[in-house]
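The values are calculated or read from the model by the stated rules, or taken from the named source; none is laboratory data. Since the structure is predicted, the reported quantities are computational estimates derived from the model, not experimental observations. Cβ atoms come from the backbone with ideal geometry, glycine included; neighbour counts cover every protein chain shown. Heavy atoms of the whole protein, side chains included, go into the accessibility calculation; ligands, DNA and RNA do not. Shrake-Rupley method; radii C 1.70, N 1.55, O 1.52, S 1.80 Å.
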Amino acid sequence: MRTISGDRPIALLATHDLSNSGAPRAAFDIARALQKLKYTVVVVSQSDGPLRRDFEELGFEVVIDVRPQRKNRYLRDLAQQAEIAVANTVICAPIVAAWAPLVPTCWYLHVLSVLENLLRAGAIDEPLANSARIWVGSELCAKIVRKNRRDVIVMPYGVDPLEGSTIKTSGSLEIAVFGSIEPRKG
């Protein structure tokens, strides 16, 4: 693996795919926020997709690894160069397992059925324990994770209400928020 050079600190970002769906879109927003904070962002995804072009157009390095493993040297090399890492689904567990012992890693968990199965099998105990922060999308998800991590932080889905906002309209204001309500997400 080549060394990433430059004066900017490195931030790592893991996502399960680069489709235009919710979690990869959230990863894109996180990458843009990190870039505004002057980080060089390296994205590792387990599947390619149309969002890759958006990442690359903004100058993000993108690595596709269909079967990332904790023992993959390039994952450890990236972690040793980085200042921070963020993973946005439970499916990124192998990447988190590689990064968390080497760099402060924040892990966002939200797919309950997969999370429960992996916890029951003991398959994510180590990356869960080693992550610097665990974020979840709902209190239901937090309840599941708290059995292993008491310090889980709930970052709820949705947007804040517009009560008291300074938005001026000449009539009614219509807002549409697209997303799914699914038991698997809590």
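Kindly establish whether SER131 is small (Gly, Ala, Ser), touching a Phe, Trp or Tyr at 6+ places or on another chain (Cβ under 8 Å) and modelled with pLDDT of 95 or more.
Considered against the rule, which asks whether it is small (Gly, Ala, Ser), touching a Phe, Trp or Tyr at 6+ places or on another chain (Cβ under 8 Å) and modelled with pLDDT of 95 or more, SER131 comes out as yes.
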Inset, instruction - Would you point out the residue of region 39-49, among those that are within 17 Å of THR89 (Cβ to Cβ) and of a type outside the set (A, V, I, L, M, F, W, C), that is least open to solvent (accessible area, probe 1.4 Å)? - result: SER45
Inset, instruction - Kindly provide the set of residues from region 71-88 that are more than 17 Å from the chain's Cα centre (by Cα) and open to solvent by 40 Å² or more (accessible area, probe 1.4 Å), ordered by number. - result: LYS71, ARG73, TYR74, ARG76, GLN80, GLN81
Inset, instruction - Quickly run through region 99-156 and pick out the residues that are among the charged types (D, E, K, R) and not in a loop (DSSP other than H, G, I, E, B). - result: GLU116, ARG120, ASP125, GLU126, ARG133, GLU139, LYS143
Legend entry - Of all residues in region 50-70 being out of contact with any strand residue (DSSP E or B) (no Cβ under 7 Å at 6 or more places or on another chain), part of a helix (DSSP H, G or I) and within 15 Å of ASP17 (Cβ to Cβ), the one that is most open to solvent (accessible area, probe 1.4 Å): ARG53
Inset, instruction - Confirm whether VAL86 is within 19 Å of ALA23 (Cα to Cα) and without any contact (Cβ under 8 Å) to a residue 40 or more places away in the chain. - result: no
Inset, instruction - Please list, ordered by first then second residue, the pairs with beta carbon atoms under 6 Å, 6 or more apart or interchain, first in region 17-38 and surrounded by fewer than 13 Cβ atoms within 10 Å (Cβ to Cβ), second not aliphatic (A, V, I, L, M). - result: ASN20/PRO50; LYS38/ARG8
